[in-house]
Amino acid sequence: MRILLVEDDIPLATALQKSLQTEGFVVNHVNQGKLALNALTTADQDMMILDLGLPDIDGLEILKNLRDKKSALPVIILTARDSIESKVKGLDYGADDYLSKPFEIKELMARLRVIERRLGTANSAFVCINNVKLDTHAHKVFVCDQVTGKEHEITFSKKEYMVLKALMENAGRILSREKIESKLYHWGEEVLSNAVEVHIHKLRKYLPEKFIKNVRGVGYIINTKG
C-alpha cells in the first residue's frame with residue numbers, strides 16, 4: 001500500500017514514516033501543497049494522509065482539487081484543527097476520515113487498515129486464496145497442506161511479504177513489475193533491476209505450484225483457479 005504523506009512538521013512526518021514503514025506501508029513524504037499536487041498527478045498513490053495547515057496551500061484546497069477531478073483516492077485528514085466545523089468541512093470536501101492532533105499512532109493504523117481492507121479483496125484481516133492465507137494484521141503467511149489439511153506458517157522477508165500481499169489483494173488482475181515496485185520502494189530508494197523477479201522466485205519456492213503466474217512481457221497474477 002503506497003501512501004502520500006503531506007505534512008510540513010518534519011519531526012512528526014519522520015516519526016510517521018518510520019511507524020508506517022514498520023507496518024509494511026510504502027510512504028512518500030512532501031511538506032508543501034504544490035509538491036502534493038504534483039505527486040498526485042505524476043505518480044500512482046493508494047492513499048493520502050493530508051495535513052491542512054500547509055505553508056503554501058491550505059490542505060482543503062488540495063482535497064477539493066482532488067475531488068473536482070473525480071478522484072476517489074482515500075484521504076485521511078491529519079490536523080490541529082479540531083473544531084466540529086473544521087471536521088464537518090473536511091468531510092464535506094470529500095475526506096474519508098479525520099484525525100485531530102495530537103493522536104495515537106495505534107488509532108491512525110486502525111483507520112488505515114479499514115481503508116486498506118476496503119481497497120483490497122478482503123473484508124477482514126485475512127486474505128485467503130486457494131490454500132494460501134495472508135494475515136494482514138500480524139504480517140504472516142500460512143499454507144494449507146493438501147494432504148493433511150493442516151496450516152503451517154511460512155516466514156518471508158518484509159519485501160517478499162509485501163510482494164505477495166500486493167498480488168493477493170489484486171487477485172485476478174495482472175500487476176506489472178513497475179506497479180509492484182511502486183508498492184515496495186520509497187522515492188529515492190535504490191531498486192535493483194531484477195528485485196521483483198528475485199522476490200517472486202523466493203515466494204514460489206514455498207507456495208503451491210503455479211500459484212503466482214507470469215504473464216510474459218506484462219507482469220504477474222495470482223492463480224485463483226486452484
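Quick notes
- Just so you know, in the stretch 37-51 the residues that are assigned to a loop (DSSP other than H, G, I, E, B) and not acidic (Asp, Glu) include one that is surrounded by the most Cβ atoms within 10 Å (Cβ to Cβ), and it is Gln45.
- Pick from the stretch 133-150, criterion out of contact with any strand residue (DSSP E or B) (no Cβ under 7 Å at 6 or more places or on another chain) and of a type in the set (A, V, I, L, M), ranking: nearest to Arg113 (Cα to Cα): Ala138
- Within the stretch 52-65, the residues that satisfy the criterion of being buried (at least 16 other Cβ atoms within 10 Å of the Cβ) and assigned to a loop (DSSP other than H, G, I, E, B) are Leu52, Leu54, Ile57.
- Residue check, Gly53 among the small types (Gly, Ala, Ser) and more than 12 Å from the chain's Cα centre (by Cα): yes
- Any hit, the stretch 176-195, residues being surrounded by fewer than 17 Cβ atoms within 10 Å (Cβ to Cβ) and either modelled with pLDDT of 95 or more or under 19 Å from Lys225 (Cα atoms) (or both): no
- Qualifying residue in the stretch 66-82 (condition: hydroxyl-bearing (Ser, Thr, Tyr) and assigned to a strand (DSSP E or B)): yes
The values are calculated or read from the model by the stated rules, or taken from the named source; none is laboratory data. No experiment lies behind these values; they were computed from the predicted model shown. Ideal geometry is used to build each Cβ from the backbone, glycine not excepted, and the neighbour counts take in all protein chains shown.
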